[in-house]
Amino acid sequence: PIYCAKKTKTHKDELGICRVLLAELEAHQDAWPFLTPVNHRAVPGYRKVIKKPMDFSTIKEKLTSNQYLNLETFIIDVNLVFDNCERFNEDDSEIGRAGHRMRRFFDKRWTELLQ
Ligand SMILES: Cc1ncccc1N[C@@H](C)c1ccc2c(c1)OCCCO2
């Protein structure tokens, strides 16, 4: 087309997409290991190995207190959840497999929402 408006997203648009994505992550059946911060007293070694813990409830708190500048900073935190999971858990474990499934789901959804 001769005239093609660039589909820039405002800050509000991007935050709306973050809220939708987070709600879908939290509702996913494989979200259970990631819903709340890992209790390092219940998980020996976790505090030593994982330098930047992250979980969906912390992301929600950051989102509602406007700590995400844009969609990118939100995606960085979501990926941190999955990268921490891969670092600490065997691929062939309940939590490891849940992490791979959640990452695949997230990657598919945010690319769909951005189209
Ligand atoms: C994402 C992640 N990575 C590594 C370890 C744990 C977790 N998730 C936490 C919420 C969790 C899941 C399962 C658990 C657990 C804690 O409590 C210790 C007893 C076994 O059951």
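The values are calculated or read from the model by the stated rules, or taken from the named source; none is laboratory data. Values in this document were obtained by computation on a predicted structure and should not be read as measured data. Cβ placement follows ideal geometry from the backbone for every residue including glycine, while neighbour counts extend to all protein chains displayed.
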Under the condition of being within 12 Å of M54 (Cβ to Cβ) and of a type in the set (S, T, N, Q), which residue from region 74-111 is farthest from the ligand (Cβ to nearest atom)?
N79
Which pairs turn up if I take residues in region 45-65 that are in contact (Cβ under 8 Å) with a residue 40 or more places away in the chain and look for partners that are within 11 Å of the ligand (Cβ to nearest atom) and among the aliphatic types (A, V, I, L, M) with beta carbon separation below 6 Å, at least 6 apart in sequence or on another chain?
Y46/V38
Going residue by residue through region 69-89, is there one that turns out to be more than 27 Å from L15 (Cβ to Cβ), more than 14 Å from the chain's Cα centre (by Cα) and surrounded by 13 or more Cβ atoms within 10 Å (Cβ to Cβ)?
yes
Within region 22-34, which residues are surrounded by fewer than 13 Cβ atoms within 10 Å (Cβ to Cβ) and farther than 19 Å from T111 by Cα?
Q29, W32
Any residue that is of a type in the set (S, T, N, Q) and more than 11 Å from the ligand (Cβ to nearest atom) - is there at least one of those in region 9-22?
yes
Residue count, region 25-44 (criterion: touching a helix residue (DSSP H, G or I) at 6+ places or on another chain (Cβ under 8 Å) and more than 9 Å from the ligand (Cβ to nearest atom)):
6
What tally of residues in region 26-44 results from selecting those that are part of a loop (DSSP other than H, G, I, E, B) and in contact (Cβ under 8 Å) with a residue 60 or more places away in the chain?
3
Within region 3-15, can you find the residues that are assigned to a loop (DSSP other than H, G, I, E, B) and modelled with pLDDT of 80 or more?
Y3, T8, K9, T10
